[in-house]
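Colleague: Got a structure for you, questions after.
FYI, it's all coordinate maths here, none of it is from the lab. Every value quoted in this text rests on a predicted model; they were computed, and no experiment measured them. Note that we place each Cβ from the backbone using ideal geometry, even for glycine, and neighbour counts take in every protein chain shown.
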Amino acid sequence: MGGLHFTRCALRRAYRGPLLGLSSVGLAACSGGVLDPLGPVGADGAKILINATVIMLVIVIPTIVLAFWIAWHYRASNRKAEYLPYWSYSGRIEAVVWSIPTLTVMFLASEIWVGSHRLDPFRPLDSEHAPLEVQVVALDWKWLFIYPQQDLATINHLVMPAGRPVHFSITSANVFNVFFVPQLGSMIYAMPAMVSQLHLQADAPAKTWGISAQFSGDGFSDMQFDVTSVAPKDFDDWVATARNGPALDRAAYAGLLHQSHNVPPTTFGSIDPHLFHAVATQEISPGPGPLPESSGHAGREVSPAGKD
């Protein structure tokens, strides 16, 4: 069924795209991906992809059509086709052959140049609301989200208020990972001993998902997280409810450093305010990194309190 669904989606895209000028509606027939954005950053990213595709098709489609036309026009049965075996140069053809690819590259470069500056992950989003601060730590094989302003944290569940920008500070406890929410846009590295910056926003309440887009060992395929955008009042209610969870201190964090698979979403009702800084500066020693299954350490489940 999955393959059939994929085939149907591919066919819808193949037929709708040319008819609708490769509009976002045509290309986003299958929801949940980069062409079905939920916020301004994702929308700009989808626009760049569509524009780049249209620009390339300006040269690709005529080339394909011309190839078939030449094969048909110069077929053996067409006695009227002019054949010049010793023809070697045409200034007009040379001008076309070189100018069209040059213009294509120039248009693509302009689109990417403007888009890359507009989507600079360090650039704050224009909004009348102050951004929500979220600190992100990539662990094996799970994601830790710390809300310093609300004094709480979650595992594998990102909750954000709709219509309000979110400023992410992203690091890794051991190896490289890539933080990516396809419908919100802008995948970015989570690197040990470094802090990456990212600004995202969800325009309306919705549920989506995020992943690590960088292979990081045996549990990489399980390194996914839920993303929920809610109305501002509902976000405040969630914060009040989340305070009932256990504390995330350094002892609990030491438990999270153990490798584990398919970790369910967990909430911590209070946090060590200096935890993220200690992880990013490696004041807290890095995690073990990917270990072979035979070592006996990989795949252990860890309780929220950090005990095996």
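Colleague: Treating the beta-carbon of each Lys and Arg as +1 and of each Asp and Glu as -1, no other charges, what is the dipole magnitude of the range 31-118 about its Cα centre, to the nearest 20 debye? Don't jump to the answer; show the numbers that get you there.
Modeller: On the way: 6 positive and 5 negative charges, 77 e Å.
Dipole about the Cα centre, nearest 20: 380 debye.
Colleague: Order by neighbour count: V96, V239, fewest other Cβ atoms within 10 Å first, most last. Intermediate values should be presented prior to the final figure.
Modeller: On the way: V96 11, V239 17.
Arranged by neighbour count, lowest to highest, V96, V239 become V96, V239.
Colleague: Residues in the range 75-96 near a label at V65, defined as backbone nitrogen under 18 Å from the 7 Å Cα→Cβ point?
Modeller: Within reach of a label on V65: 96.
Colleague: Under 8 Å for C-alpha pairs, at least 6 residues apart: give me the relative contact order for the range 31-118, rounded to a whole percent.
Modeller: Numbers: 27 pairs, mean separation 35.0, N = 88.
Rounded, it is 40 percent for the range 31-118.
Colleague: Moving to a separate point now. Go through G255, S270, S229 and say which Cα lies farthest out towards the positive end of the charge dipole of the range 218-271; charges sit on Cβ, +1 for Lys and Arg, -1 for Asp and Glu.
Modeller: S270
Colleague: Follow-up. What's the exposure ranking of Y83, Y74, Y253, going from fewest to most Cβ atoms within 10 Å? Don't skip to the answer; put the middle values down first.
Modeller: Details: Y83 8, Y74 11, Y253 22.
By the 10 Å Cβ count, ascending: Y83, Y74, Y253.
Colleague: Now for a different question. Ranked highest first by average number of other Cβ atoms within 10 Å, how do 203-216, 100-113 line up?
Modeller: Working: 203-216: 16.8, 100-113: 12.7.
Averaged packing, sorted descending, gives the order 203-216, 100-113.
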